[in-house]
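Here is the structure we will look at.
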Amino acid sequence: METLYVVQGFHEVDGAVLPEKPVLHGMEEFARRCGEQLARQCEGVLVYAQGADTDRGMYSDPIILAKYGRVPDPRQLSLSGYP
């Protein structure tokens with residue numbers, strides 16, 4: 001199982017914080033840096049790691065690495081099996 005590092009940006013529309021398309025990275029350090037940079041442009045950013053076996057469609061529970069700004073509660077985002 002490989003580890004995916006995901007940067008998820010969020011933007012506000014009519015008071016609701018909505019997800020943008022997630023960006024996948026192969027290295028944690030790069031994902032964290034990209035999250036910091038994206039936080040300057042978005043309402044919020046979530047950076048997380050997730051084990052994935054894409055051939056079998058299996059994903060581990062995500063591990064939140066960083067959170068910037070206004071982000072919905074991760075339990076409500078249904079990150080499991082996400083990207």
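For the chain, what is the calculated [θ] at 222 nm in deg cm²/dmol (nearest 500), taking -39500 (n - 2.57) for each run of four or more DSSP H residues and dividing by its residue count?
About -4500 deg cm²/dmol.
Normalised by residue count, the chain yields a Cα convex hull volume of 81 Å³ per residue. Net charge in the neighbourhood of L18 (other residues with Cβ under 12 Å of its Cβ; Lys, Arg +1, Asp, Glu -1) is -2. Summary value for the chain: 31 percent relative contact order, contacts being C-alpha pairs under 8 angstrom separated by 6+ residues. For the residues R33, R56, R70, a GNM of the chain with alpha-carbon springs under 10 Å puts the largest fluctuation on R56.
Bear in mind these aren't lab numbers, they're just calculated from the coordinates by the rules spelled out. The model shown is predicted, which means the values in this text are computed figures rather than measured ones. Quick reminder, even Gly has a Cβ in these numbers, built from the backbone with ideal geometry, and neighbours come from all protein chains shown.
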